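Chemist: Below you will find the structure I want to go over with you.
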Amino acid sequence: MNCYKCNVSGKVKELRPYGPRGESICFKCAMEPDSKATTEMMFGKTLDACGDLAVLDGSQVRPATATEREELAKAQESKR
Ligand SMILES: [Zn+2]
């Protein structure tokens, strides 16, 4: 898989689907001034797709698992 902007090849892990149409992009290009707004918008969409509870797992965002939801609910209960 290659970055759609600079065409650097990298492991899928190092590229993010934050191009304007979900293209893979490397972190360096994603943070360049002309890409940053798109990156942030695509990141926001990814968060939305995760539903009400998103987990930042390393550099990936994913929906929370049932177990994590339970743990969070318990942690919130113990605060009351
Ligand atoms: Zn790149």
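Chemist: Quick one: which helices (runs of 4 or more DSSP H) lie wholly within the chain and hold at least 2 residues that are of a type in the set (V, I, T) and within 16 Å of the ligand (Cβ to nearest atom)?
Modeler: Numbers: elements: 27-30, 33-49, 66-79.
It comes to 33-49.
Chemist: Can you pull out every residue in the stretch 15-31 that is surrounded by 14 or more Cβ atoms within 10 Å (Cβ to Cβ), out of contact with any helix residue (DSSP H, G or I) (no Cβ under 7 Å at 6 or more places or on another chain) and among the charged types (D, E, K, R)?
Modeler: E23
Chemist: For a quick check of your reading of the model, give me the residue pairs whose first member lies in the stretch 40-69 and is loosely packed, with under 11 Cβ neighbours inside 10 Å, whose second is among the acidic types (D, E), with beta-carbon atoms closer than 9 Å and at least 6 apart or on different chains.
Modeler: Between residues of the stretch 40-69 that are loosely packed, with under 11 Cβ neighbours inside 10 Å and residues that are among the acidic types (D, E), the close pairs are S59/E14.
Chemist: Might you check whether a residue that is under 24 Å from C3 (Cβ atoms), at pLDDT 90 or above and either touching a Gly at 6+ places or on another chain (Cβ under 6 Å) or not assigned by TED's automatic domain parsing to the domain that holds M1 (or both) occurs anywhere in the stretch 18-25?
Modeler: yes
The values are calculated or read from the model by the stated rules, or taken from the named source; none is laboratory data. As the structure is a computational prediction, the values presented were derived from the model and not from experiment. Ideal geometry is used to build each Cβ from the backbone, glycine not excepted, and the neighbour counts take in all protein chains shown.
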